[in-house]
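Read the structure below first, then the notes.
The values are calculated or read from the model by the stated rules, or taken from the named source; none is laboratory data. Just so it is clear, the model here is predicted, and its values are computed rather than measured. Here the Cβ positions follow ideal geometry from the backbone for every residue, glycine too, while neighbour counts run over all protein chains shown.
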Amino acid sequence: MDIDFPLVLVIAVFVTGVISLLDKVWFSKRRQQAVQELQQQGAGSELIESAQNEGAIIENAKGFFPILLLVLVLRSFLVEPFQIPSGSMEPGLVKGDFILVNKYAYGFRLPVLGTKVIEMDDPARGDIMVFIPPHDPRYFIKRVIGLPGDQIRYSNKELFVNGEKILHEPTNLPMASSSRVLELAEKDYTVQHYRGLPSKGDGEWIVPEGHYFMLGDNRDNSGDSRFWGFVPDENIVGKAFAVWMHWENWGSLPSFDRNKVLQ
């Protein structure tokens, strides 16, 4: 069962915030009144301390609220960490890479709802983008290939954008046939195909307004727009811009030798 962490975080901030507010405007005054009455009655120090006690719920709520609020603001509007879940972006990104996602590159959006409230830049060809695909509530990461209005064709492992073939030059990565992209928004990255496998997801598409066509760099092992369609603008999460750690599983140690700025 997948947990909707943004929703859980928003609820936690709301609940702890409401409890903190109620304590400020009501509960604390009730405690002060009770302490004053006990002092007037000459009560002992233990009773007075007991009346001053906030209780575990209020104490924890007041302690966690500013921390949760800070996490919500950072995660929703500035930078969010994300772990690469599969090999669909190899060789540039591999399973276990931890990346940072710029949440404001494509506009400020409300948490959970995803509604854009402040316009910024639009996605550009070649950007590595995190988004929610139309068929799955989980985060996906792919490369922006088609912008609104673009004509995309993928045939026999060759990519065409608006009728122009995207040129490549061979590289020497082992176990696969790979090539470095030469002409796509001046981005410097490598795509990968597997020798002997037939071309997958061949077809031709015109990107509708307000949508984007996404491809994985590992073209023979990527579920992307060739199979499930276009990504609407409201499903955009942010722009991936750096790898900051690699950690495959709990049985291995984290490493930082793959740290890099993403192209």
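The rows are residues; the columns are (1) among the aromatic types (Phe, Trp, Tyr); (2) touching a strand residue (DSSP E or B) at 6+ places or on another chain (Cβ under 9 Å).
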{"site": "197", "(1), (2)": "no, no"}
{"site": "213", "(1), (2)": "yes, yes"}
{"site": "220", "(1), (2)": "no, yes"}
{"site": "234", "(1), (2)": "no, yes"}
{"site": "256", "(1), (2)": "yes, yes"}
{"site": "261", "(1), (2)": "no, yes"}
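For the range 142-157, filtering for residues that are surrounded by fewer than 15 Cβ atoms within 10 Å (Cβ to Cβ) and part of a loop (DSSP other than H, G, I, E, B) leaves 2. Please determine, by comparing only the residues of the range 200-250 that are among the charged types (D, E, K, R) and in a helix (DSSP H, G or I), which one is nearest to residue 189 (Cα to Cα). Among those that are among the charged types (D, E, K, R) and in a helix (DSSP H, G or I), it is 226. Each residue in the range 204-261 was checked for being surrounded by fewer than 19 Cβ atoms within 10 Å (Cβ to Cβ), out of contact with any Gly (no Cβ under 7 Å at 6 or more places or on another chain), under 23 Å from residue 81 (Cβ atoms) and not polar (S, T, N, Q), and 14 of them qualify.
Checking every residue in the range 143-162 against the condition of being at pLDDT 90 or above, in the same structural domain as residue 225 (by TED's automatic domain parsing) and within 21 Å of residue 260 (Cα to Cα) gives at least one match. Here 61, 105 are screened, and the one residue that is out of contact with any Pro (no Cβ under 9 Å at 6 or more places or on another chain), small (Gly, Ala, Ser) and either at pLDDT 80 or above or assigned to a helix (DSSP H, G or I) (or both) is 61. Can you say whether residue 165 is within 21 Å of residue 106 (Cα to Cα) and either in contact with a strand residue (DSSP E or B) (Cβ under 8 Å, 6 or more places away or on another chain) or surrounded by fewer than 15 Cβ atoms within 10 Å (Cβ to Cβ) (or both), as far as the supplied structure shows? No; evaluated as a whole, the condition is false for this residue. Limited to the range 125-141, what total is found for residues that are closer than 16 Å to residue 207 by Cα and surrounded by 15 or more Cβ atoms within 10 Å (Cβ to Cβ)? The qualifying residues number 3. Given the structure, is residue 208 modelled with pLDDT under 90, assigned by TED's automatic domain parsing to the domain that holds residue 237 and on the phi < 0 side of the Ramachandran plot? Taking the combined requirement at face value, the residue does not satisfy it. Does residue 94 count as closer than 23 Å to residue 138 by Cα and exposed (fewer than 13 other Cβ atoms within 10 Å of the Cβ)? Considered against the rule, which asks whether it is closer than 23 Å to residue 138 by Cα and exposed (fewer than 13 other Cβ atoms within 10 Å of the Cβ), residue 94 comes out as no.
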